[in-house]
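Visitor: Before I ask anything, here is the structure I am working with.
The values are calculated or read from the model by the stated rules, or taken from the named source; none is laboratory data. Here the structure is a predicted model, which means the values were calculated and not measured. Cβ placement follows ideal geometry from the backbone for every residue including glycine, while neighbour counts extend to all protein chains displayed.
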Amino acid sequence: MSFKSAVITFPGSNCDRDALCYLQDLTKGVVYNIWHEEASLPQVDLVILPGGFSFGDYLRSGAMASKSKIINDVIKHANDDRYLLGICNGFQILTEIGLLEGALIQNKNLKFLGKNCFIKKKFKNNFNLSIKEDQVLQIPVAHNEGNFYCDNETLKSLKDNEQIAFEYCKGEFSNSEENINGSIEAIAGITNKKKNILGMMPHPERAYSDFHPSQDGKLIIESLIT
Amino acid sequence: MNEDLILQHGLTLDEFKIIKNYLNRDLTMEELGIFSAMWNEHCCYKTSKKWLKKLPTENEIVIQGPGENAGIIDIQDNDGIAFKIESHNHPSYIEPFNGSATGVGGILRDIFTMGARPIATLDSIRFGLIESEKTKYLLNGVVHGIGHYGNCIGIPNIGGECEFESTYGFNNLVNAMAVGQVQKDKIFYSKPKSIGGLIVYIGSKTGKDGIHGASMASDVFSEDDEDDKRPSVQVGDPFMEKLLMEGCLELMSLGLIESMQDMGAAGITSSSVEMASKGNVGVLINLDKVPLRQPLSAYEILLSESQERMLAVIDEKNNLKVKEILQKWQIDYEVIGEITNSKRVVFESNNKKVVDLPVDIIVDDAPEYDREFYMPRKRKGKDFDFSNIKLEDIINSLLSNLNYLDKSWVFNQYDSTVMGDTVKEPGQSSGIVKIHGTQKVIGATTDCNPLYIRINPYEGMKYTVAESYRNLIACNINPLAITNNLNFASPLDPNIMGELVLSIDGLKTAAEKFNTPIVSGNVSLYNQTNEIPIKPTPVIGMVGSNQDLKKINSNKFCNIGNKILILGKQLEKNLSPYLLQDQNLTSNINEYNDLEELDLDYEKKIADCVLKMSDLKYIMSCNDISRGGVFLSLLKMQYKDMGFKVNIPDPIDLFCEYSAGYVIEIRNEDLKNVSSFLSKNAVGYFEIGEIIKENIEINSKKFDYFDIINNYHNNFEKIIN
C-alpha cells in the first residue's frame with residue numbers, strides 16, 4: 001500500500017512547497033496540500049506542519065496557527081496513532097497546541113540562525129530507525145526561536161520516556177560550537193510519549209536532493225516508510 | 001505659491017516656473033506634492049538620464065530592459081529571469097532595521113509585480129569604520145532588518161558584499177537585489193491594456209509612513225537631521241508582503257489582472273502616473289476609496305509610502321473573482337478608479353478634483369540636467385617602499401581587517417536555504433540557485449571596488465564589472481546580464497559628476513565586451529553627510545546561468561595532493577590599490593599610481609578557458625582573485641583538513657591584485673592536458689603549489705594552520721563586538 005501524506009499551509013508558511021517536494025520525491029505516494037481553513041484532513045499516514053512564519057509570528061511563534069480550523073483534525077489524526085511531523089515553525093505550533101511538551105524560546109545569541117548544523121539521534125523512535133547510533137547528520141537550521149526550554153520535571157520525564165529524538169552535536173572539521181542555539185541539553189527534536197509525533201528545528205526537507213550539501217534528511221522519511 | 005514652500009518640496013524655482021508656465025494657473029498643494037515626488041532625482045533621474053542612455057540594454061536574450069519594475073532575460077525553454085537592485089541608503093541610516101527591511105520588501109515587489117516568483121536575494125552593504133559605536137549599531141540593525149524581511153517571506157539570501165570604509169561613516173549604503181523566475185508567456189507589465197479598466201488597490205492600508213521618502217532620498221543630509229527625518233522611514237511587515245505576493249501571483253496565474261504596478265517610492269502618485277504614461281492613457285482615482293490606517297488628508301494619501309501595496313488594472317468582469325481570492329489571503333482590496341482616455345492624471349477627494357494634470361508634463365517634461373563635470377587629473381607615478389613589510393605582518397593585518405574576513409556572522413542571520421533550491425550558499429564566489437523542477441541553475445553576485453573607481457572612474461568601473469564576471473566564471477556560470485546601483489555623492493560637485501559620467505562609460509565598455517547588457521538599475525545621489533562625500537560606489541549585480549547543475553565548479557579545495565595553478569595577470573605591488581591602502585603605505589588618494597589599463601579581451605579569453613576547462617572536468621575547484629590577492633583566494637578555498645603550500649619568488653606578490661585572475665585546483669594526472677590546452681589557447685599559467693593536509697607553507701616557511709583558519713573564520717565576530 002502506498003504511503004499517503006499531507007502538508008498543511010498556514011498564511012505565512014514558507015516551507016510548505018519544500019515539504020511537498022520532499023514527500024513527493026521520497027514517498028512516491030499521494031501528497032495533499034491542505035489549507036489551514038479546511039475543516040478536515042484526508043486519511044493519510046503522515047502530516048507535516050511546515051516551517052515558516054505562520055501568521056507572521058505575531059503574538060508568539062506558532063500561537064495563532066495552533067488555533068486554526070484544521071488543527072482539530074490534526075489532533076484527531078495524531079490520536080489515531082498516525083504520524084505527525086512539525087518542522088521548525090511546525091515544531092513551535094506543536095508545542096503551542098500542547099501535543100509536544102516544552103517551548104521554543106529565542107536563540108541564546110538573540111539572532112536568527114541560518115546555517116548547516118549537525119545532529120545525532122538520542123533515543124530510538126519510528127522517525128529515526130534508519131539512523132545509526134552516533135551517526136552525525138548534517139541538516140540546515142533557519143530559526144530565531146529554536147532554543148528548546150522546559151522545566152526540570154519535564155526534562156526528566158522526556159528522558160525517562162525516551163522522548164528526545166535528536167540532539168545537536170559537533171561536526172567533523174566544523175569550528176562552530178556544539179549547542180548552536182542554547183537548547184536545554186542541546187535538544188534538537190522531541191516526540192510525544194507515544195512517539196508518533198516528532199517536532200524538530202532542523203529542516204530535513206532542505207537536505208535530500210543530490211545537489212544539496214547533504215542528503216541526510218532522507219533518513220527520516222526512509223525510517224517511516226521501511 | 002510662496003518660495004519657501006516650493007523649496008521645501010525639493011523643487012528649484014526654475015523648475016517651478018516651468019510647471020506654472022505650462023499650466024498657466026496656480027498649483028494645488030496636492031499637485032505641488034506630486035511634482036515634488038516625481039521630479040526628484042530618485043524618480044526621474046534628472047542628473048543621470050543623459051548618461052544612462054549610453055548603456056547597452058539589449059541583446060538576443062533581453063526580454064525587458066530598463067523602464068519596467070525589473071529587467072527580464074531569457075534563459076531558454078519557457079523560463080525568464082527577472083532581476084533588479086535598488087538602494088535604501090538614507091532610510092537605513094536614519095532607522096537601520098526598518099530602512100533595510102523595507103529595502104528588501106521594495107525590491108521583492110518589483111520582481112513579483114511582473115509575475116515572477118522571487119527565488120533569491122542578494123545585498124551590498126557598506127559602513128564606516130567599526131571603531132565607531134554608531135557603525136556597530138548600523139551594522140546590527142541593517143543585517144537584522146535584511147534578515148527579518150527575507151527570512152519571514154521565505155526567499156533565500158544567496159550572497160552579497162559587506163565593506164567597511166571611513167567615507168560611509170555617516171552615510172551607510174544598503175543596496176538590495178532580488179532575482180525571480182517567470183514563465184516567458186506570463187510576464188505582466190505596468191502598461192494598462194484597455195480604457196475603462198478598473199484601477200484596484202491591493203494590500204496594506206495607507207498610513208503616514210514614508211511621506212516624502214523619495215524626496216528625502218534625494219537630499220543631502222546633515223547630522224542633526226536624523227531625528228527630524230525619522231517619520232519619513234517606512235515600516236515593513238514581511239508577513240503582509242508574503243500574503244500580498246501569494247495573492248498577486250495567484251491572480252496573475254489565473255489571468256485575472258491586466259497590469260500591475262508596485263506602490264514604491266512616491267506611493268500611489270508614482271504608480272498611477274507611470275501606468276498612465278506607459279499606456280498613453282489617463283487615470284481617474286477617488287482618494288476617498290483608498291483603505292486608510294488613520295485619517296489622512298488627500299495630500300498625505302498621495303505621498304504616503306506605506307509598504308506592501310499594489311495598484312492593478314482589472315477588467316470589470318473579473319472583479320468578484322479577484323475579491324474572492326484576495327479575501328482568502330486576507331488582503332485589503334478596493335476599486336479606487338478607472339483608466340480613462342483623457343491622458344490626464346485626476347485625483348478626487350470629497351467630490352473635488354484635487355489634482356488634474358496632463359501626464360505629459362509630469363513625465364515627459366521632467367527636468368533633465370547636463371551637469372558640469374571635471375575629468376580626473378593625470379596621476380604622477382610613485383614608488384612605494386615595501387622594504388619594511390614582512391610576510392607575517394601582512395597576514396596578520398588581513399586577519400584583523402573586517403574587509404578580508406569570513407562574513408558568516410552576517411549571512412548566518414539570513415535564511416539561505418529556504419525554497420530548497422539553493423546550490424551555493426553565501427560566502428562563495430557567487431550564489432547559485434536551481435530553477436525549480438529543472439536542472440538549470442542561476443548564479444548571481446554583487447560587487448564594487450570604490451577605491452579603484454575613485455582612482456580612475458573609467459578603468460575602475462571596468463575592474464568592477466570584470467570582478468563580477470570572474471565571480472560567475474569561477475563557478476562555471478555563463479554571465480548574462482547586469483543590474484546596477486549607482487551610489488554617488490552630490491552631482492553638483494563637478495568632480496563627483498565626473499566620476500558618475502566616467503564610471504558609466506566604463507560600465508558601457510565592459511558590458512559591451514562581455515555581452516552582458518544592463519537590464520535594470522537604480523541611481524542614488526547626494527550620498528554625503530557633513531560635507532563628507534562617499535567614495536563612488538556604482539554596485540554591479542550580475543546574473544548568469546548554466547543549463548546543468550552538475551557542471552558547477554566547487555569554490556573549495558577537493559583533495560590533498562592536487563596542484564594549484566594561477567591564471568591571469570598580476571598587478572604590480574605599486575599598482576595594487578587595496579594592498580597599498582590596507583598595508584598603510586598611503587592614505588592619500590592623490591598618491592596612488594593610476595590603474596593599469598584592464599585588457600577586456602584578455603579577461604574574456606581567460607574566462608573562456610576557465611569555462612572550457614570546467615566543462616572538460618579539469619577543474620576540481622576554482623576561485624577568482626581580488627582584494628587580498630592569491631593568498632586570500634587560497635584561504636577562501638580552504639576546506640575541512642586541507643591547507644596549501646606555495647612557492648613564489650617574491651611572497652609579497654601573493655597579496656597583489658589581478659586582472660583575469662583565477663586560482664584553480666587540478667589533479668596531477670591532468671596537468672599535462674591542462675598545460676597543452678592552455679598553450680594551445682596561448683594562455684600562460686603559473687603552477688604555484690599544491691594542497692596539503694593541515695598546513696600552510698609559503699616558500700617552505702610553515703605558518704600556524706589552525707591559528708590562521710580560526711582567525712579567518714572567527715575574527716569578524718570578535719572585532720564587531
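Visitor: Here are B:246, B:274, B:324, B:300: which of them is within 31 Å of the chain's Cα centre (by Cα), in a helix (DSSP H, G or I) and within 14 Å of chain A (Cβ to nearest Cβ)?
Guide: The match here is B:246.
Visitor: Is there a residue being closer than 25 Å to residue A:174 by Cβ, touching a Cys at 6+ places or on another chain (Cβ under 9 Å), surrounded by fewer than 20 Cβ atoms within 10 Å (Cβ to Cβ) and touching a residue at least 60 places away in the same chain (Cβ under 8 Å) anywhere in the stretch A:129-143?
Guide: Scanning the stretch A:129-143 turns up at least one residue that is closer than 25 Å to residue A:174 by Cβ, touching a Cys at 6+ places or on another chain (Cβ under 9 Å), surrounded by fewer than 20 Cβ atoms within 10 Å (Cβ to Cβ) and touching a residue at least 60 places away in the same chain (Cβ under 8 Å).
Visitor: Looking only at residues in the stretch A:57-78 that are crowded, with 19+ Cβ neighbours inside 10 Å and within 14 Å of residue B:239 (Cβ to Cβ), which one is nearest to the other protein chains (Cβ to nearest Cβ)?
Guide: It comes out as A:57.
Visitor: Okay, moving on. Just the residues that are assigned to a loop (DSSP other than H, G, I, E, B), within 22 Å of residue B:117 (Cα to Cα) and touching a residue at least 60 places away in the same chain (Cβ under 8 Å), please, taken from the stretch B:58-87.
Guide: B:61, B:65, B:69, B:70, B:75, B:76, B:77, B:78
Visitor: Looking only at the stretch B:124-150, count how many residues are surrounded by 24 or more Cβ atoms within 10 Å (Cβ to Cβ) and within 14 Å of chain A (Cβ to nearest Cβ).
Guide: Final tally of qualifying residues: 7.
Visitor: In the stretch B:390-436, what residues are within 13 Å of chain A (Cβ to nearest Cβ), acidic (Asp, Glu) and surrounded by fewer than 20 Cβ atoms within 10 Å (Cβ to Cβ)?
Guide: Scanning the stretch B:390-436 gives a single hit, B:406.
Visitor: Which one of these does residue B:464 not meet: (1) among the hydroxyl-bearing types (Ser, Thr, Tyr); (2) over 27 Å from residue B:512 (Cα atoms); (3) away from every other protein chain (no Cβ under 14 Å)?
Guide: (2)
Visitor: Here are some residues: B:705, B:658, B:662, B:712. Which one is under 32 Å from the mean Cα position of the chain (by Cα), crowded, with 17+ Cβ neighbours inside 10 Å and more than 22 Å from residue B:607 (Cα to Cα)?
Guide: Exactly one of B:705, B:658, B:662, B:712 is under 32 Å from the mean Cα position of the chain (by Cα), crowded, with 17+ Cβ neighbours inside 10 Å and more than 22 Å from residue B:607 (Cα to Cα), namely B:712.
Visitor: Output yes when any residue across the stretch B:502-516 is in contact (Cβ under 8 Å) with a residue 12 or more places away in the chain, of a type in the set (Lys, Arg) and surrounded by 24 or more Cβ atoms within 10 Å (Cβ to Cβ), and no when none is.
Guide: There is no residue in the stretch B:502-516 that is in contact (Cβ under 8 Å) with a residue 12 or more places away in the chain, of a type in the set (Lys, Arg) and surrounded by 24 or more Cβ atoms within 10 Å (Cβ to Cβ).
Visitor: Would you pick out the residues in the stretch B:605-633 that are aliphatic (A, V, I, L, M) and farther than 25 Å from residue B:446 by Cβ?
Guide: Within the stretch B:605-633, B:613, B:616, B:620 meet the criteria.
Visitor: Only strands (runs of 3 or more DSSP E) wholly contained in the stretch B:138-211 count here; list those with 3 or more residues that are in contact with a His (Cβ under 8 Å, 6 or more places away or on another chain).
Guide: Strands (runs of 3 or more DSSP E) meeting the threshold: B:173-183.
Visitor: Would you check if residue A:93 is buried (at least 24 other Cβ atoms within 10 Å of the Cβ), assigned to a helix (DSSP H, G or I) and more than 14 Å from every other protein chain (Cβ to nearest Cβ)?
Guide: Here the answer is yes, as residue A:93 does meet what is asked.
Visitor: Turning to a different aspect of this structure: Of the residues B:203, B:210, which is at positive phi and more than 25 Å from the chain's Cα centre (by Cα)?
Guide: Sole residue among the options that is at positive phi and more than 25 Å from the chain's Cα centre (by Cα): B:203.
Visitor: Cβ-Cβ under 6 Å, sequence separation 6+ or interchain: first residue in the stretch B:466-484 and of a type in the set (Lys, Arg), partner outside any loop (DSSP other than H, G, I, E, B). Which pairs?
Guide: What qualifies is B:470/B:624.
Visitor: State which residue pairs qualify: first residue over 12 Å from residue B:39 (Cβ atoms) and in contact (Cβ under 8 Å) with a residue 24 or more places away in the chain and inside the stretch B:357-372, second residue part of a loop (DSSP other than H, G, I, E, B) and of a type in the set (Ser, Thr, Tyr) in any location, beta carbons under 6 Å apart, and separation of 6 or more residues or different chains.
Guide: B:371/B:47
Visitor: Next question. Determine whether the stretch B:540-553 contains at least one residue that is hydroxyl-bearing (Ser, Thr, Tyr) and either under 25 Å from residue B:395 (Cβ atoms) or in the same structural domain as residue B:122 (by TED's automatic domain parsing) (or both).
Guide: No, every residue in the stretch B:540-553 fails to be hydroxyl-bearing (Ser, Thr, Tyr) and either under 25 Å from residue B:395 (Cβ atoms) or in the same structural domain as residue B:122 (by TED's automatic domain parsing) (or both).
Listed here are the residues, each with its yes/no results for (1) closer than 17 Å to residue B:195 by Cβ; (2) in the same structural domain as residue B:184 (by TED's automatic domain parsing); (3) free of Cβ contacts under 8 Å to residues at least 12 places away in the same chain.
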residue: B:251; (1), (2), (3): no, yes, no
residue: B:255; (1), (2), (3): no, yes, yes
residue: B:259; (1), (2), (3): yes, yes, no
residue: B:290; (1), (2), (3): no, yes, no
residue: B:299; (1), (2), (3): no, yes, no
residue: B:306; (1), (2), (3): no, yes, no
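Visitor: Could you list all residues from the stretch B:550-577 that are among the hydroxyl-bearing types (Ser, Thr, Tyr) and surrounded by fewer than 20 Cβ atoms within 10 Å (Cβ to Cβ)?
Guide: Correct list: B:554 only.
Visitor: Here's something else I'd like to know. Can you name every residue in the stretch B:16-45 that is within 27 Å of the chain's Cα centre (by Cα) and not aromatic (Phe, Trp, Tyr)?
Guide: Of everything in the stretch B:16-45, those that are within 27 Å of the chain's Cα centre (by Cα) and not aromatic (Phe, Trp, Tyr) turn out to be B:36, B:37, B:38, B:40, B:41, B:42, B:43, B:44.
Visitor: What do you reckon, is residue B:187 at pLDDT 95 or above and either outside the structural domain of residue B:248 (by TED's automatic domain parsing) or out of contact with any helix residue (DSSP H, G or I) (no Cβ under 7 Å at 6 or more places or on another chain) (or both)?
Guide: Considered against the rule, which asks whether it is at pLDDT 95 or above and either outside the structural domain of residue B:248 (by TED's automatic domain parsing) or out of contact with any helix residue (DSSP H, G or I) (no Cβ under 7 Å at 6 or more places or on another chain) (or both), residue B:187 comes out as yes.
Visitor: Report, by residue number, each residue of the stretch A:175-219 that is over 11 Å from residue A:138 (Cα atoms), among the small types (Gly, Ala, Ser) and within 14 Å of chain B (Cβ to nearest Cβ).
Guide: Once the filter is applied, which keeps residues that are over 11 Å from residue A:138 (Cα atoms), among the small types (Gly, Ala, Ser) and within 14 Å of chain B (Cβ to nearest Cβ), the stretch A:175-219 yields A:176, A:209.
Visitor: Can you tell me which residues in the stretch B:342-351 are more than 37 Å from the chain's Cα centre (by Cα) and either β-branched (Val, Ile, Thr) or outside any strand (DSSP E or B) (or both)? Show your work before the answer.
Guide: At the first step, the residues of the stretch B:342-351 found to be more than 37 Å from the chain's Cα centre (by Cα) are B:342, B:348-351.
Scanning the stretch B:342-351 gives B:342, B:350, B:351.
Visitor: Filter the stretch A:13-54 for residues that are touching a Ser or Thr at 6+ places or on another chain (Cβ under 6 Å), within 9 Å of chain B (Cβ to nearest Cβ) and in contact (Cβ under 8 Å) with a residue 60 or more places away in the chain and give the result.
Guide: A:13 - this is the single residue of the stretch A:13-54 that is touching a Ser or Thr at 6+ places or on another chain (Cβ under 6 Å), within 9 Å of chain B (Cβ to nearest Cβ) and in contact (Cβ under 8 Å) with a residue 60 or more places away in the chain.
Visitor: Still on this structure, please answer the following. Out of the residues in the stretch A:101-118 that are within 10 Å of another protein chain (Cβ to nearest Cβ) and of a type in the set (Lys, Arg), state the one that is farthest from residue A:174 (Cα to Cα).
Guide: Applying the filter and picking the extreme gives A:111.
Visitor: So, of the residues in the stretch A:119-162 that are part of a strand (DSSP E or B) and away from chain B (no Cβ under 14 Å), which turns out to be farthest from residue A:185 (Cα to Cα)? Working first, answer last.
Guide: In the first step, residues of the stretch A:119-162 are kept if they are part of a strand (DSSP E or B); the result is A:119-121, A:137-143, A:147-149.
From the residues that got through so far, the ones that are away from chain B (no Cβ under 14 Å) too are A:119-121, A:137, A:147-149.
Numbers: A:119: 12, A:120: 13, A:121: 13, A:137: 18, A:147: 10, A:148: 9, A:149: 9 Å.
Selected residue: A:137.
Visitor: Return the residue satisfying two criteria in turn: it lies in the stretch B:685-713 and is in contact (Cβ under 8 Å) with a residue 24 or more places away in the chain and either over 21 Å from residue B:653 (Cβ atoms) or part of a helix (DSSP H, G or I) (or both), and of such residues it is nearest to the other protein chains (Cβ to nearest Cβ).
Guide: Checked the stretch B:685-713; the qualifying residue nearest to the other protein chains (Cβ to nearest Cβ) is B:713.
Visitor: Moving to a separate point now. How about the stretch B:245-294: which of its residues are on the phi > 0 side of the Ramachandran plot and small (Gly, Ala, Ser)?
Guide: Scanning the stretch B:245-294 gives B:255, B:266, B:267.
Visitor: Can you report the number of residues in the stretch B:273-300 which are among the hydroxyl-bearing types (Ser, Thr, Tyr) and within 17 Å of residue B:40 (Cβ to Cβ)?
Guide: Looking only at the stretch B:273-300, we keep the residues that are among the hydroxyl-bearing types (Ser, Thr, Tyr), and these are B:277, B:297, B:299.
So of that shortlist, the ones also within 17 Å of residue B:40 (Cβ to Cβ) come out as B:277, B:299.
Counting residues in the stretch B:273-300 that are among the hydroxyl-bearing types (Ser, Thr, Tyr) and within 17 Å of residue B:40 (Cβ to Cβ) gives 2.
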